[in-house]
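> First the structure, which I've put down as structure tokens, then a few questions once you've had a look.
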Amino acid sequence: MRDGQRPVLSVEEALEQVLATVWVLEPEQVPILEALGRVLAEEVVADRDIPPLSNSAMDGYAVRTADLSQVPARLRVVAEAPAGRLCPVEIAPGTAVRIMTGAPLPPGADTVVPFEQTRTDGEWVEILQPSKPGANVRPAGEDVRAGETVLRPGHVLRPQEIGMLAALGRTEVAVIRRPRVAILATGDEVVPPWETPGPGQIRDANSYTVAAQVRKYGGIPLLLGIVRDEETLIREGIHRALEERADLIVTSGGVSIGDFDLVKQVLAAEGEIRFWSLRMKPGRPLAFGVVAGIPLVGLPGNPVAAMIATELFIRPALLKMQGFREWPWPQVRARLRDPIPRKDNRRHYLRVRLHEAPDGLEATLTGDQGSGILSSLVKADGLAVIPEDTDHLPAGTEVLVLLLR
Ligand code: AMP
Ligand code: MG
């Protein structure tokens, strides 16, 4: 679809273009705790059996099942086996070793009888119940076998994988590195948060919203500050981003069709523009292109539009760069409490609060849905997705809600 000279893309078409432009980054070695939540970039092979030796699963007595053909059986206690060392004593017929959980099984023993099923009498023990060979014994290599491939590239590392890496003796591991994301705000009226805005000025919210989102989705935000609406300054800002070795450049502001919306011009002059208009609301103007091989997303200046566009397009791009193979969005279905009138061909993302009702979730709008109303996002639990070409949604209509919690 075209709007004058501009190709106007659907959300899906735009996301497809963004994802086709980004690639999986290279691996880096990190301490295992730093690898939490990241994508493994190597094959992890066990260097030894875990556990290394057959050992006791209980506190009790290590014995020979052959001695338990008749119970109670009276056995002589010849040694004590704590965890952490080999038991030097072999269990001869008629004898037992007092053994602790995790202690290697003494030679000759083939079962462990827990204390609860025994009666101690000086240097003797009475075994009150019979036991099967291997009962309460953890065989060597029962968890992991030496030479076994325990984890493969592409695996997303959770706490249990971090523990497994430690168990395998790894202190560092190769994961896909985090993308560096340069963030540049544009606008004559925009000042940093630590300044008192003069007449007509506003503080820069976008750099911080976007930086927080970048961090939330695993990237490294590089705050490049604010540039005025002048082509040379915007160009210089983009060059700074390239010097900072950014993997992705994100600007905010200057992408609509106003007189001072220069990001598009600079992108077209310095690189290649792929699209700059979408069938969505908020966020119709969204520029995307490539400069010196680096993708650049030109977010609209309106804070709500900037954040939603970051969720929709930058989040999947960051996850793809980090080696994730899917990026499902946490979502629920909810019924609208209020009717929604609408008439255009754009997809709308409405800020809603969710409420538990007896028969499921209900969604209410968080007030003014203007694309500059950042507080509508602060109050929101999620974004209700209203598909294109919906005429009028009566109260009670079920909608999809992308969660922002
Ligand atoms: P623009 O896309 O440059 O036309 O900006 C659209 C609106 O967003 C204007 O009202 C700007 O003042 C506002 N805006 C632009 N940049 C920022 C920013 N970094 N933080 C907060 N609001 C902004
Ligand atoms: Mg502007």
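> Just in segment 265-371: which GluC sites (Glu not before Pro) are loop by DSSP and have at most 11 other Cβ atoms within 10 Å?
Sparse-neighbourhood loop GluC sites (Glu not before Pro): GLU326.
> How many Å² of accessible area per residue for the chain, probe 1.4 Å?
48
> Is the shape of segment 272-401 rounded, prolate or oblate, going by the alpha carbon gyration tensor and its root eigenvalues a ≥ b ≥ c, with a/c under 1.5 for rounded and a/b larger than b/c for prolate?
prolate
> Rounded if a/c is under 1.5, else prolate if a/b beats b/c, else oblate: with a ≥ b ≥ c from the C-alpha gyration tensor eigenvalues square-rooted, which is segment 215-286?
Because a/c hits 1.5 or more and a/b fails to exceed b/c, segment 215-286 counts as oblate.
> Which GluC sites (Glu not before Pro) from segment 97-170 combine a DSSP loop assignment with at most 16 other Cβ atoms within 10 Å?
When the GluC sites (Glu not before Pro) of segment 97-170 are filtered for loop state and at most 16 Cβ neighbours within 10 Å, GLU123, GLU142, GLU148 remain.
> Also, I was wondering about something else. Can you pull the Kirkwood radius for the chain, inverse mean 1/r over Cα pairs, to one decimal in Å?
Evaluated on the chain, it is 25.9 Å.
> Summing Lys, Arg as +1 and Asp, Glu as -1, what charge do residues with Cβ under 13 Å from the Cβ of ILE202 carry, ILE202 excluded?
-3
> Rounded to the nearest 500 deg cm²/dmol, what is the calculated helix-only ellipticity per residue at 222 nm for the chain, with -39500 (n - 2.57) per DSSP H run of length n ≥ 4?
Rounded to the nearest 500, the figure is -5000 deg cm²/dmol.
> Between ALA185, ALA306, ALA380, which gets the highest mean-square fluctuation from a Gaussian network model of the chain, Cα cutoff 10 Å?
Residue with maximal mean-square fluctuation among ALA185, ALA306, ALA380: ALA380.
> Here is a further query. In whole angstrom, how long is each semi-axis of the equivalent ellipsoid of segment 331-403, when you take the square root of 5 times every eigenvalue of its Cα gyration tensor and sort them from largest down?
They are 17, 16, 10 Å, listed largest first.
> Which number gives the lysine pairs in the chain that have C-alpha atoms under 22 Å apart and are eight or more places apart or on different chains?
For the chain, qualifying lysine pairs total 5.
> Using a probe of 1.4 angstrom, how much of the accessible area of segment 331-403 is carbon and sulfur, in percent?
Taking all protein chains in place, segment 331-403 shows 53 percent carbon and sulfur surface.
> Same structure, new question: About the Cα centre of the chain, what is the dipole size in debye to 20, counting +1 per Lys and Arg Cβ and -1 per Asp and Glu Cβ, all else neutral?
400
> Still on this structure: With +1 assigned to the C-beta of every Lys and Arg and -1 to the C-beta of every Asp and Glu, and no other charges, what is the dipole magnitude of segment 55-138 about the Cα centre in debye, to the nearest 20?
140
> For segment 272-314, what D do you get in µm² per second when you plug the Kirkwood radius from alpha-carbon pairs into Stokes-Einstein at 37 °C and 0.692 mPa s?
316
> Same structure, new question: What accessible surface, in Å², does a 1.4 Å probe find on LYS216, ignoring ligands, DNA and RNA and rounding to the nearest 10?
Surface open to solvent at LYS216 totals about 120 Å².
> Ignoring solvent entirely, what values of log10 I(q)/I(0) come out of the Debye formula for segment 63-173 at 0.17, 0.23 Å⁻¹ when each Cα is a single scatterer?
With one equal scatterer per Cα and no solvent, log10 I(q)/I(0) is -0.80, -1.25.
> Which chymotrypsin sites (Phe, Trp or Tyr not before Pro) from segment 171-234 combine a DSSP loop assignment with at most 16 other Cβ atoms within 10 Å?
TRP194
The values are calculated or read from the model by the stated rules, or taken from the named source; none is laboratory data. This one's a predicted model, so the numbers in the text were calculated from it and none came from an experiment. Counting neighbours? That spans all protein chains shown, and the Cβs are built from the backbone with ideal geometry, glycine included. Note: accessible area is taken over every heavy atom of the protein model, side chains too, but ligands, DNA and RNA are not part of it. Shrake-Rupley method; radii C 1.70, N 1.55, O 1.52, S 1.80 Å.
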